[in-house]
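Visitor: The structure follows.
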Amino acid sequence: MSFADLIAQFDHVYIVNLPYRLDRRRETIAEFARHGLAIPSAKVSFFEATRPNAKGAFPSIGALGNFRSQTRVLAHAMSQGHRRILICEDDLQLNTVPSPKLARLIDDLTQTSWDIAALGYLDPQTPPCAAKDGTQGLMPWSGSTRGTQLWAIQGDCIRAFHDYLETVRRRPPGHPDGGSMFFDGAFNLMRRKLPDVTFRLAAQSLAGQRASRTDIHSLAFFDRLEPFRSLSATLRRLRNHARV
C-alpha cells in the first residue's frame, strides 16, 4: 500500500496554501513526488488560503486566516457534493510508513465508523496504547492533539464542523462554548461541544511538519530581516532534506 492508495479513498484532497507562499507550494509538490504522487491533479488541489488585513479578536492575522481557510475548505467541499475529504497543511512532511500499517489504516478508513480522523499530527508523539500494545490503523482518542498536518472528515460532519467553526469565529475569546482562537484549539474543543462526533486518531502519524517560516505566529527577527531571512530559509531546506 502507498500514499496513492490512501488518496484514492477520498473524493478530494485539499492542500491549504497562501498564494504568495510559492516556496511551500514547491516543497509540497516535491514532498508528494517523493512518494510517487504528481500534484496538483484532478484529485489533489491547492486551496487558496485567506490572509485578512486585520486579526479582529483572534490571536494574530495568521490565526484568523488559517481559521477562515479551514472553514472555507469545508464550505467548498459541500458545494462540490464531496462526502469524504482529506485536508493538508502546505508544510506537511509525509512520514515513511510500512505498507502493512498503511493498509490497516486504509481498511479502517473504509470499513469502520468515524467522522473526523487525525492522520498526521505533531502531538501526541506516540499514542500510549500504540506504544504499549502495537495498535495499528485508526484508534479512538479522547485526548488533545496538536497539529493538523493531515486530517480527514466525512459525511454530515462536514457541515456540522463548518457551522461550529462559523459560530466560534463570531464569539469573543474565552467564550465558554468556544470563541476566537487558533484552529488547533477549535479542533480539540469541537470534540467536547459536539459529542456525537466520532473522532479517530491514526496510531502512527502519517505526516509531520517541515521547517518553514510561520504564517500564523509573529515572525522572529531572522525571518524579517535580510540577510538573516535568506540564511534561515537555506538552513530550513537543509534541515528538511536531512530528515527525509
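Visitor: On the given criteria, is Leu138 surrounded by 14 or more Cβ atoms within 10 Å (Cβ to Cβ), out of contact with any helix residue (DSSP H, G or I) (no Cβ under 6 Å at 6 or more places or on another chain), assigned by TED's automatic domain parsing to the domain that holds Ala30 and under 20 Å from Leu206 (Cβ atoms)?
Guide: Answer is no for this residue.
Visitor: Suppose we filter Asn95, Asn66, Asn17, Asn53 for residues that are touching a Lys or Arg at 6+ places or on another chain (Cβ under 8 Å) and either polar (S, T, N, Q) or outside the structural domain of Gly137 (by TED's automatic domain parsing) (or both); which single one remains?
Guide: Testing whether each residue is touching a Lys or Arg at 6+ places or on another chain (Cβ under 8 Å) and either polar (S, T, N, Q) or outside the structural domain of Gly137 (by TED's automatic domain parsing) (or both) leaves just Asn17.
Visitor: I've got another one for you. Can you tell me how many residues in segment 51-68 are of a type outside the set (A, V, I, L, M) and surrounded by fewer than 21 Cβ atoms within 10 Å (Cβ to Cβ)?
Guide: Going through segment 51-68 one residue at a time, the tally reaches 8.
Visitor: Can you find a residue that is of a type in the set (Lys, Arg), surrounded by 15 or more Cβ atoms within 10 Å (Cβ to Cβ), under 17 Å from Phe182 (Cα atoms) and at pLDDT 95 or above anywhere in segment 80-88?
Guide: no
Visitor: Checking Trp114 against (1) touching a Lys or Arg at 6+ places or on another chain (Cβ under 7 Å); (2) modelled with pLDDT under 95; (3) in a loop (DSSP other than H, G, I, E, B), which test does it fail?
Guide: (2)
Visitor: Taking Thr96 as the residue in question, decide whether it is β-branched (Val, Ile, Thr), out of contact with any Gly (no Cβ under 8 Å at 6 or more places or on another chain) and under 21 Å from Ser45 (Cα atoms).
Guide: The answer is no for Thr96.
Visitor: Within segment 78-111, track down each residue that is assigned to a helix (DSSP H, G or I) and farther than 13 Å from Gly155 by Cα.
Guide: Ser79, Ser99, Pro100, Lys101, Leu102, Ala103, Arg104, Leu105, Ile106, Asp107, Asp108, Gln111
Visitor: While we're looking at this one, here's another question. Out of Arg51, Arg24, report the one residue that is in a helix (DSSP H, G or I), over 18 Å from Gln154 (Cβ atoms) and among the basic types (Lys, Arg).
Guide: Result: Arg24 is the single residue among Arg51, Arg24 that is in a helix (DSSP H, G or I), over 18 Å from Gln154 (Cβ atoms) and among the basic types (Lys, Arg).
Visitor: For segment 100-120, name all the residues that are under 19 Å from Gly208 (Cβ atoms) and surrounded by fewer than 19 Cβ atoms within 10 Å (Cβ to Cβ).
Guide: Lys101
Visitor: Taking the options Val73, Val97, Val44, name whichever one is hydrophobic (A, V, I, L, M, F, W, C) and under 28 Å from His175 (Cβ atoms).
Guide: Val73
The values are calculated or read from the model by the stated rules, or taken from the named source; none is laboratory data. What you are looking at is a predicted structure, and each value in this text was computed from that prediction instead of being measured. Cβ coordinates were reconstructed from backbone atoms using ideal geometry, including for glycine residues, and neighbour counts include every protein chain displayed.
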